[in-house]
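Visitor: Pasting a structure here, questions to come.
The values are calculated or read from the model by the stated rules, or taken from the named source; none is laboratory data. Everything numeric in this text was worked out from a predicted model, so none of it was measured.
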Amino acid sequence: MIGGIGVPELLIILVIVLIIFGAGKLPQIGGNIGKAIRNFKAGVREDEVEGSRQEQIEEKTTSTKEETKV
């Protein structure tokens with residue numbers, strides 16, 4: 001399968017990571033990756049909330065402008 005990553009490829013990557021970083025650093029690296037993913041998800045949620053707030057403000061502004069025209 002071209003472009004697919006299977007179990008043998010993942011094992012090779014794991015062995016290379018173990019050689020480069022050592023077994024003692026793996027929990028620390030995993031924890032840092034987990035924190036990064038959590039922060040990324042929180043940032044995405046913040047952007048979604050901010051975007052919906054901006055849409056609400058724009059809707060209120062548009063409806064106010066329409067009311068003043070009538």
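Yes/no per residue for (1) modelled with pLDDT under 80; (2) among the aliphatic types (A, V, I, L, M):
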position	(1), (2)
2	yes, yes
43	no, no
60	yes, no
67	yes, no
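Visitor: Find the residue count for region 4-28, including only residues that are in a helix (DSSP H, G or I) and modelled with pLDDT of 85 or more.
Guide: 17
Visitor: Can you tell me which of 51, 3 is within 26 Å of the chain's Cα centre (by Cα), of a type outside the set (A, V, I, L, M) and on the phi < 0 side of the Ramachandran plot?
Guide: 51
Visitor: Take residue 23 and tell me if it is within 23 Å of the chain's Cα centre (by Cα) and on the phi < 0 side of the Ramachandran plot.
Guide: No, not satisfied.
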